[in-house]
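Only one structure is covered here, and it is reproduced in the block below.
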């Protein structure tokens, strides 16, 4: 594994036009967004996210990206997605680590730090600008949902939660903790759920 950079990954917004949906993951992954500098871009858990975005017309993904899903490669080749009507971010802005080598889930204290609460509030306000109805927000995993419900100054939002698309997240959310299920089927079902949320008017 490449050494974790730990730099803050900025949210990704469309180059133009209004935002109707915003997705929040937990934190940039060590092989993906930490290396590429783009939310979900190169993360293993981000692959079904971008597949769903592409399938619903909310993202243009370079064909070369599908060949090898790796954040460092994307950075090296200057590959990047283009979004339409959708914004992407994370509950915590940088890949959390204690040793520079391994991912360590952000703590409640990390998530509720004043600077992080202010960042999330500002990102939601930017995405909601000009809207007359609450922004649809999709939290990927319990941690993202947890902090998004604790932003006292955030604009109104229509909040939905899906399980985190990591193998553990998918297994724990499945019946019988995933016993008897194929990971391929769990990923396909999860992606279909995301597509349905993205496709809502």
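Multiply the residue gap between residue 122 and residue 44 by 0.36 nm, knock off their C-alpha separation, and tell me the result in nm, one decimal place.
Working: separation 78, 0.36 × 78 = 28.08 nm, distance 2.74 nm.
Between residue 122 and residue 44, full extension yields 25.3 nm more.
For the chain, what does the alpha-carbon gyration tensor say about shape, rounded, prolate or oblate, given a ≥ b ≥ c as the root eigenvalues, a/c under 1.5 as rounded, and a/b over b/c as prolate?
Details: a/c = 1.17, a/b = 1.11, b/c = 1.05.
Since a/c stays below 1.5, the shape of the chain is classed as rounded.
Ranked from highest to lowest mean number of other Cβ atoms within 10 Å per residue, what is the order of the peptides 87-96, 100-109?
Working: 87-96: 23.8, 100-109: 13.1.
Highest-to-lowest ranking by the protection proxy: 87-96, 100-109.
Would you mind telling me which residue in 32, 42, 17 has the biggest mean-square fluctuation in a Gaussian network model of the chain, where springs connect alpha carbons within a distance under 10 angstrom?
17
Just to verify a number: FRET efficiency for residue 196 and residue 132, C-beta to C-beta distance, R0 = 25 Å, to 0.05? Display every interim value, and only then the final one.
On the way: r = 24 Å, r/R0 = 0.95.
It comes out at approximately 0.60.
Which of the three applies to the range 18-131, rounded, prolate or oblate, going by the alpha-carbon gyration tensor with a ≥ b ≥ c and a/c under 1.5 meaning rounded?
On the way: a/c = 2.34, a/b = 1.09, b/c = 2.15.
Cα axes put the range 18-131 in the oblate bin.
Suppose the chain between residue 15 and residue 108 were pulled fully straight at 0.36 nm per residue; how much longer would it get relative to their current alpha carbon spacing?
Values: separation 93, 0.36 × 93 = 33.48 nm, distance 3.25 nm.
Full-extension gain reported as 30.2 nm.
Figure the gain on full extension for residue 184 and residue 158 (residue separation times 0.36 nm, minus the Cα-Cα span) and round it to one decimal in nm.
Working: separation 26, 0.36 × 26 = 9.36 nm, distance 2.94 nm.
Between residue 184 and residue 158, full extension yields 6.4 nm more.
7 Å from Cα along Cα→Cβ at both residue 76 and residue 115: what's the point-to-point distance in nm?
So the two model labels end up 3.2 nm from each other.
So what is the 222 nm mean residue ellipticity for the chain from helices alone, if each DSSP H run of at least 4 adds -39500 (n - 2.57) and you divide by all residues, rounding to the nearest 500 deg cm²/dmol?
Details: 9 runs with 75 residues, N = 201.
One gets -10000 deg cm²/dmol as the mean residue ellipticity at 222 nm.
Throughout, read-outs are computed from the coordinates displayed, never taken from laboratory work. Bear in mind that the values here come from a model prediction, so they are computed numbers and not experimental data. Please note: Cβ atoms are built from the backbone with ideal geometry, for glycine as well, and neighbour counts cover all protein chains shown.
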